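Shown next, in structure tokens, is the structure this report addresses.
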Amino acid sequence: MSDLAIVIMAAGLGSRFGGTKQLVDVGPNGEVFFDFAIADSIAAGADRVVLIVRREFADTVEEHVRSMHGDIDLHLVCQDETNAPTRKKPWGTAHAILAAKGAVDRPFIVVNADDYYGVESYQLVADALREAGESTVVLAAFELCRTLPNEGSVSRGVCAADGQVLTKLVETHGIERNTDGIIVSADPPGTLTDLTPVSMNMWGFRVSIFDHLERMWAEFLDAQRDTEKTEFLLPSVVAELMGAGLLEVKVVPVASDWIGVTNPADLDPARAALADLRS
């Protein structure tokens, strides 16, 4: 698919990791996570790369990308240089996408900069986005078992769908596998299966989403201007638009292994997994 952009959200603080994990090498050839996003999306037809960053490391990111990927159509957007009130914590994933509006003039895939989604996922989302109507959003749904760490609990967006149409996305916390092999969650409490579809924040949008984001951001900012931590989040925005009948979300099942790091202890297992997949 030509005329496709990849938008990579890399402005997070990495508080639990203890630093800027977006720039930590994880791949067998010195790649950071978003190097795989760039390579795999280009292989799926993307011809523009948009990286949403903070000003403090924008130059470092650009130098790294140029050294790894050469002369690509690269656009860096500093989320902390928008017209939003200044605060330490970024204003959230939906605000990050809105910040990139000036660099995005074509259908686009959105991913986190510190996650590995697998080669197949980009092609699946690109193909679905090619077929999507103007009011259809694409969501990659991963099998829960492929996103769980060996130890500890995580949060995931649990998907419910009618066929391929998303009906509900529930942010679910405290998900972990018990010693008996059963996957449980703490909030909301319950049990989940290995094949439960979950969102890992990989989306496909058309540029019409920006009209919705601008309107909803203005409303959000009126209410939250003086807060320090409340975020304007992509899943919440999509859910609200779904509820209003303004968007339909097509769920695309993905059987790839997701790899990510939350805490420093996750780094070595991620490097080992990526060495197996990409060496």
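The table for this structure:
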{"item": "Dipole of the range 82-174 [Lys/Arg +1, Asp/Glu -1 at C-beta], most positive-end residue of Val154, Ala103, Gly133", "result": "Ala103"}
{"item": "The range 197-248 versus the range 121-158: alpha-carbon centroid distance in Å", "result": "17 Å"}
{"item": "Net charge, Glu31 excluded, C-beta distance under 15 Å - Lys, Arg +1, Asp, Glu -1", "result": "-3"}
{"item": "Val252 long-range amide H proximity, modeled H, under 5 Å", "result": "Leu139, Ala140, Ala141"}
{"item": "Surrounding net charge for Arg177, when Lys and Arg each add one and Asp and Glu each subtract one, Cβ distance under 13 Å", "result": "-2"}
{"item": "Summed residue charge, Cβ within 13 Å of Phe108's Cβ, Lys/Arg positive, Asp/Glu negative", "result": "+1"}
{"item": "In order through the range 91-103: 3J(HN,Hα) via Karplus (6.51 cos²θ - 1.76 cosθ + 1.60), integer Hz, x for Gly, Pro", "result": "7, x, 5, 5, 5, 4, 5, 4, 4, 8, 3, x, 9"}
{"item": "Mean shadow area of the chain, taken as a quarter of the surface of its Cα convex hull (nm²)", "result": "14.2 nm²"}
{"item": "Beta bridges by DSSP in the chain, antiparallel share as percent, to the nearest 5", "result": "55 percent"}
{"item": "Per residue convex hull volume, Cα atoms of the range 15-152, in Å³", "result": "145 Å³"}
{"item": "Cα Rg, Dmax (largest Cα-Cα span) when computed across the range 174-245, Å", "result": "16.9, 48"}
{"item": "Check: the chain dipole with +1 on Lys, Arg Cβ and -1 on Asp, Glu Cβ, in debye", "result": "360 debye"}
{"item": "Net length gained if the chain between Asp268 and Thr179 were fully extended (0.36 nm per residue, minus Cα distance)", "result": "29.8 nm"}
{"item": "MRE, 222 nm, helices only [DSSP H, n ≥ 4, -39500 (n - 2.57), over the chain, to nearest 500]", "result": "-9000 deg cm²/dmol"}
{"item": "Amide H partners (placed H, <5 Å) of Asn201, local residues excluded", "result": "none"}
{"item": "Within the range 154-204: Cβ-based charge dipole about Cα centre, in debye rounded to nearest 20 (Lys, Arg +1; Asp, Glu -1)", "result": "100 debye"}
{"item": "Given the chain, longest segment not containing exposed loop GluC sites (Glu not before Pro) (DSSP; at most 10 other Cβ within 10 Å)", "result": "1-133"}
{"item": "Contour excess over end-to-end distance, with Cα ends at Asn83 and Asp162 and 0.36 nm allotted per residue", "result": "24.5 nm"}
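Every read-out reported here was derived from the displayed coordinates using simple, explicitly stated rules and does not represent laboratory data. This structure is a prediction, so every number in the text was calculated from the model and none was measured. Heads up, the Cβs are rebuilt from the backbone with ideal geometry, glycines too, and the neighbour counts pull from every protein chain shown.
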